[in-house]
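Taking it in order: structure first as structure tokens, then the write-up.
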Amino acid sequence: MKIEQSCVNEMISSGSIRITEFDHDEIGDNHLFTSIETPMRKDAFALSDHEKKQRIAHYFSEIMHTLGLDLSDDSLRGTPERVAKMYIDEIFSGLDPKNKPKVALFDNKYKYKQMLVEKDITFYSNCEHHFVPIIGKAHLAYFSKGKVIGLSKLNRLVQYYAQRPQVQERLTVQIGEELKSCLGTEDVAVVIDAKHLCVSARGIKDNDSATVTSYYGGRFLNESTKREFLDYLKF
Ligand SMILES: [Zn+2]
């Protein structure tokens, strides 16, 4: 099925085509995604973090060995354990709900009624189709419904959802829905502008393109409110 990638996710969300019409190679190559929830197994947390690291280190050493690398070399010897630790403790730590940041809300004592924008939040994620980095900026905004959130917590929420194998559309929606639920308001906006190394460093090798995704709720669906937000971002 040959359809421009930029249109495909839109066609899926509008219901004009269904994800089941694609095979798994097409889904991966076109960076389609099958659900807003990160697809997890029911027994995802049956193993302890320590057991997961042991398994990942074992299988990663198999990959290196298969590639022909000499794991007895001093430079490579510790790599499987290092990768395993990095996967569990850092770059995929957002798969585990126990790592979700605790979000404390405060009363909006200043009675600030305007839009709050937190822009240029740098994040690092990984494409779930190729396991290579997605590097980008997230821009968030909301109107308070009586509660406000610590600014660094917005940053931490972005990092939490980024530290999973991801597709950019899902990352955007997950952050937007999290903001809605923790702030108790529909009035939230998220824009993500990111580079995908699976596009720049392999495949089409386009180093200049970037992908922009957005999520708007409540008052941000109003064109002038959306425009005010985008003006802060200079989009
Ligand atoms: Zn990819």
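Specify the residue that is surrounded by the most Cβ atoms within 10 Å (Cβ to Cβ); the eligible residues are those in region 44-59 that are in a loop (DSSP other than H, G, I, E, B) and within 22 Å of the chain's Cα centre (by Cα).
Once the filter is applied, the top-ranked residue is PHE45.
Among the numbered criteria (1) at pLDDT 95 or above; (2) farther than 30 Å from GLY150 by Cβ; (3) more than 16 Å from the ligand (Cβ to nearest atom), which single criterion is violated by ILE88?
Of (1) at pLDDT 95 or above; (2) farther than 30 Å from GLY150 by Cβ; (3) more than 16 Å from the ligand (Cβ to nearest atom), only one is false for ILE88: (2).
Just one of (1) part of a loop (DSSP other than H, G, I, E, B); (2) at pLDDT 95 or above; (3) among the β-branched types (Val, Ile, Thr) trips up ILE204, so point out which.
Just one mismatch for ILE204, condition (2).
Residues being more than 16 Å from the ligand (Cβ to nearest atom) and either over 22 Å from PHE220 (Cα atoms) or not assigned by TED's automatic domain parsing to the domain that holds GLU228 (or both): count how many of those fall in region 131-153.
Qualifying residue count for the region: 1.
Can you tell me which residue within region 99-116, out of those that are in contact (Cβ under 8 Å) with a residue 40 or more places away in the chain and under 19 Å from the mean Cα position of the chain (by Cα), is farthest from the ligand (Cβ to nearest atom)? Quick ask: steps written out before the conclusion?
Here is the first cut: in region 99-116, the ones in contact (Cβ under 8 Å) with a residue 40 or more places away in the chain are 99-101, 103-108, 115.
Of the ones still in play, those that are also under 19 Å from the mean Cα position of the chain (by Cα) are 99-101, 103.
Working: ASN99: 24, LYS100: 25, PRO101: 26, VAL103: 30 Å.
It comes out as VAL103.
When the residues of region 220-235 are narrowed to those that are touching a residue at least 40 places away in the same chain (Cβ under 8 Å) and surrounded by fewer than 17 Cβ atoms within 10 Å (Cβ to Cβ), which ends up farthest from the chain's Cα centre (by Cα)?
GLU228
Is it the case that some residue within region 70-79 is buried (at least 17 other Cβ atoms within 10 Å of the Cβ), at pLDDT 95 or above and not acidic (Asp, Glu)?
Checking region 70-79: not a single residue is buried (at least 17 other Cβ atoms within 10 Å of the Cβ), at pLDDT 95 or above and not acidic (Asp, Glu).
Which residues, counting only those in region 117-130, are out of contact with any His (no Cβ under 9 Å at 6 or more places or on another chain) and more than 13 Å from the ligand (Cβ to nearest atom)?
THR122, PHE123, TYR124
HIS196 versus (1) buried (at least 19 other Cβ atoms within 10 Å of the Cβ); (2) over 21 Å from the mean Cα position of the chain (by Cα): which is the lone unmet condition?
Here HIS196 clears every test but (2).
Do we have any residue at all in region 174-185 that's within 16 Å of the ligand (Cβ to nearest atom), touching a residue at least 60 places away in the same chain (Cβ under 8 Å) and under 11 Å from the mean Cα position of the chain (by Cα)?
There is no residue in region 174-185 that is within 16 Å of the ligand (Cβ to nearest atom), touching a residue at least 60 places away in the same chain (Cβ under 8 Å) and under 11 Å from the mean Cα position of the chain (by Cα).
When region 199-218 is examined, which residues are found to be surrounded by fewer than 18 Cβ atoms within 10 Å (Cβ to Cβ) and more than 16 Å from the ligand (Cβ to nearest atom)?
ASP208, VAL212, GLY217, GLY218
Got at least one residue in region 140-154 being in contact (Cβ under 8 Å) with a residue 60 or more places away in the chain and either surrounded by fewer than 17 Cβ atoms within 10 Å (Cβ to Cβ) or more than 13 Å from the chain's Cα centre (by Cα) (or both)?
yes
Check ARG55, ARG156, ARG82 and return the single one that is more than 16 Å from the ligand (Cβ to nearest atom) and in the same structural domain as GLY184 (by TED's automatic domain parsing).
Selected residue: ARG156, the only one of ARG55, ARG156, ARG82 that is more than 16 Å from the ligand (Cβ to nearest atom) and in the same structural domain as GLY184 (by TED's automatic domain parsing).
The values are calculated or read from the model by the stated rules, or taken from the named source; none is laboratory data. Owing to the predicted nature of the structure, the values given are computational and were not obtained by experimental measurement. All Cβ positions, even for glycine, are placed from backbone atoms using ideal geometry, and neighbour counts span all protein chains on display.
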